[in-house]
Amino acid sequence: MDNTIASKKERILSSQHKRKADFILRNAQIADVFNLQWRKADIIVTGGMIVAIDEDGIFEAEHEEDANGGYVIPGLIDGHIHIESSMLPPSEFSKILLPHGITTVVTDPHEIANVAGTEGIQFMLKDAKNAEMDIHVMLPSSVPATSFENAGATLKAHDLAPLLTDSNVLGLAEVMDFPSVLNGESDMLMKIAQTEVNKSVIDGHGAGLTASQIRGYRVAGIETDHECVTADEARIRIQQGMYVLIREGSAAKNLRDVLPAVNSANARRFLFCTDDKHLDELIEEGSINHSIALAVEEGMEPLQAIQLATLNAAECYRLNQKGALAEGYMADFILLDDVTTCNPQAVWKNGKKVVDNGQLLQSKLETVPVPSSILQSVHIPKLTSQDLGIAFKNGNLANIIEIEPNQLITHKKVAKVQVENEMFVPSIKDDYLKLAVIERHHNLGNIGLGIVHGFGLQKGAVATTVAHDSHNALVCGTNDEDMLLALDTLQKMQGGYVVVADGEVLSALPLTIAGLMTNIKAEEAAKQLHGLHSALLQLNPDLNFHLFLTLSFIALPVIPHIKLTDTGLFDVTNFKHIPIEADESE
């Protein structure tokens, strides 16, 4: 308490010219995100907080820099991201995004929670404290996502309750088990109720939900949705009082489709997020800075886009001292090379310069040890071709998963496939490939099999342990032999990504932390990821979408319309399992 009072006193005295400030950034064109105007002024900082926006040049400080009339905006905020999808732990993730001007993220660690439960969440919380950026956590609400699959853990309300006391926890993450909400199931309602008592925000996951179903969400206290894929969906949610997070990630690129819903009357209810974005794209494009640039390219006024990326996100998540350049706000700000491209020239965090000309100036050296159980989380049984066999008894008509490139949604396709001796045979010509999800957490022996259309592999197989949200082993291929080799490779390297063809491993990226993240540096991981993409082109020379990201969501049974889990083919629309062999009447 004494330190808090002393810091507050220093800031007050500094704001009143009674002591020198710590730092001044002079001659800046400052983004006023409250009035959507630019102000020519100096930014005065003491104790990591902005104590004055000075248009008269009357303040002095221990240290100064000159913005030379450059545009300065608040630090950018990603309203919803799964850090695990970057394939980096939080402290390393921070290093690649700060140079792009992202100073705060709100993350949902439900990927690692589905593998390692509360132990995984605690690892993420501890490692996040070593990050240069601010990483706030929403507690996973749906582990597993549904009862129709097997994850590495099950989290009940009483498991989450102790974590709500952590200062970096903001609330309850995306409630994707919508049947539990709409049916009023007690444990889900307890998760929501205990969050309302201890924290503030409860995130939604309204993929494919109707206005009537959203009504139930709102009555339950759910405030946000990041799953809108059309402007009409966004308008419905805004009308019903929700915040809409406009998503632009690696697999789900929804910004251009949703942006037409934003107008001058409702813009304060929108913000940006990435949800899931791969390491290579984060390094090359950044995240929220990229969303701003795309929005401006689509015709949004730059200050409006900046407001979505800063003030709107901060207010949505009750981050009361973030998101603006004004007195009483933390001194997180960016000097831009160009407003329309949102390319940072320099970045300040808590009033200290942390990035200059794209280079990180400081880096915390502490590391958080990863528990051995998280490093040994992959348990794929030794399989044979017989285990991957898909039998047909009455013909060759199949229920097929049809992907939509760079989208999370899949479609149910009913078509005739090649069958020999009552067994499905993959067809490169028709692009009907074999798909398998193998339970990898508890040695249950579950193998879900299916047929997929749209990946266009001309040979070989691809496999990964990044399979949202239960993260079982997932393999897609043109033949059993390469699929089995890919799975065996995953087991040996304790998870990751692998590309196989003609009995040879072409490329692999080990992800030894829960089968989701790497313990190597970002630059080396990016090189290995580039090797994976090059290898994929050997399997599909015409590949023009993010195959691994699209593949990783094919096992998530809360996104329409048809998915594959370790328990079999799942119809999300009707929320039930269906056979691979289709009925002639379908």
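Computing Cα Rg over 2.2 N^0.38 Å for the structure here picks out one of (i) 1.04; (ii) 1.54; (iii) 0.99, namely (iii). Bridgeable lysines around Lys40 (alpha carbons under 30 Å apart, same-chain partners fewer than 8 residues away excluded): Lys8, Lys9, Lys18, Lys20, Lys322, Lys349, Lys352, Lys353. When the inverse distances between all different Cα atoms of segment 373-577 are averaged and flipped, the Kirkwood radius reads 16.8 angstrom.
Relative contact order, percent, of the chain when contacts are C-alpha pairs under 8 Å separated by at least 6 residues?
Details: 1448 pairs, mean separation 84.2, N = 586.
For the chain, the relative contact order is 14 percent.
Cβ-to-Cβ counts within 10 Å put Ile5, Ile562 in ascending order as Ile5, Ile562, the fewest first. When the trypsin sites (Lys or Arg not before Pro) in segment 355-428 are filtered for DSSP coil states and for at most 16 other beta-carbon atoms within 10 Å of their beta-carbon, the remaining sites are Lys364, Lys382, Lys393. Amide H contacts of Val572: Ile562, Lys563, each under 5 Å away and 5 or more positions distant or on a separate chain (H built 1.01 Å from N in the peptide plane; Pro and chain starts excluded). Shown for segment 418-486 is the translational diffusion coefficient from the Stokes-Einstein equation, using the Kirkwood radius over Cα pairs, a temperature of 20 °C and a viscosity of 1.002 mPa s: 171 µm²/s.
Within segment 357-437, list the GluC sites (Glu not before Pro) lying in a DSSP loop whose Cβ has at most 11 other Cβ atoms in a 10 Å radius. Please report the intermediate quantities before stating the final value.
Numbers: sites: Glu366, Glu402, Glu420, Glu422; in loops: Glu366, Glu422.
Hits after loop and neighbour filter: Glu366.
Can you bin segment 500-560 into rounded, prolate or oblate? Criterion: square roots of the alpha carbon gyration tensor eigenvalues sorted a ≥ b ≥ c, rounded for a/c under 1.5, prolate for a/b above b/c, oblate for the rest. Taking the square roots of the gyration eigenvalues as a ≥ b ≥ c, segment 500-560 is oblate. At full extension, Asn263 and Gln386 could sit 38.6 nm farther apart than now, given 0.36 nm per residue minus the alpha carbon distance. Extending 7 Å from the Cα toward the beta-carbon at both Asn27 and Glu420 defines two label points whose distance is 7.6 nm. The orientation-averaged projected area of the convex hull spanned by the Cα atoms of segment 70-225 comes to 10.1 nm². The antiparallel fraction among DSSP beta bridges confined to the chain stands at about 70%.
Values quoted throughout were computed directly from the atomic coordinates according to the rules given, and no laboratory measurement underlies them. Please read all numbers here as calculations on a predicted model, not as lab measurements. So basically every Cβ, Gly included, is an ideal-geometry build from the backbone, and we count neighbours across all protein chains shown.
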